[in-house]
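Each remark here refers to the structure printed beneath this line.
Taken together, the values in this text are just the output of simple stated rules run on the coordinates, not laboratory data. In this text the structure is predicted, and so the values were computed from the model without any measurement.
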Amino acid sequence: MPSSVIRWFRYEEPGRVLRVGFTSGEVYDYENVPPKVVEGLKAAPSRGRFFGPNIRDRYPYRRVTDGSAHQAKTANP
């Protein structure tokens, strides 16, 4: 189901890294996320509502890109 917060996500199981692209254009990597949590995200009726209590601030994360870089890139293809 489309989300008003999460545009896309990708999971690398060997490293247990969940990469999340937000509608703001920001992209974050969340580390040590168990496969079971990612399955819950995939199956959630609202990915944004699942993400908040189950992933955000529960796993170490780092910003990969910020929204302004994404917007500039999109504005000038």
*Express in nm, to one decimal, how much length is gained between E13 and A43 on full extension, taking 0.36 nm for each residue of separation and deducting their alpha carbon distance.*
9.1 nm
*Name the residues whose placed amide hydrogens come within less than 5 Å of the amide hydrogen of R7, ignoring near sequence neighbours (fewer than 5 apart) on the same chain.*
G21, F22, T23
*Just need the relative contact order of segment 6-70 here, percent rounded to a whole number, with Cα pairs under 8 Å and 6+ apart.*
34 percent
*Return P(r) of segment 6-70 (all Cα-Cα pairs; 10 Å bins starting at 0; whole %; ordered from short to long distances).*
23, 59, 18, 0
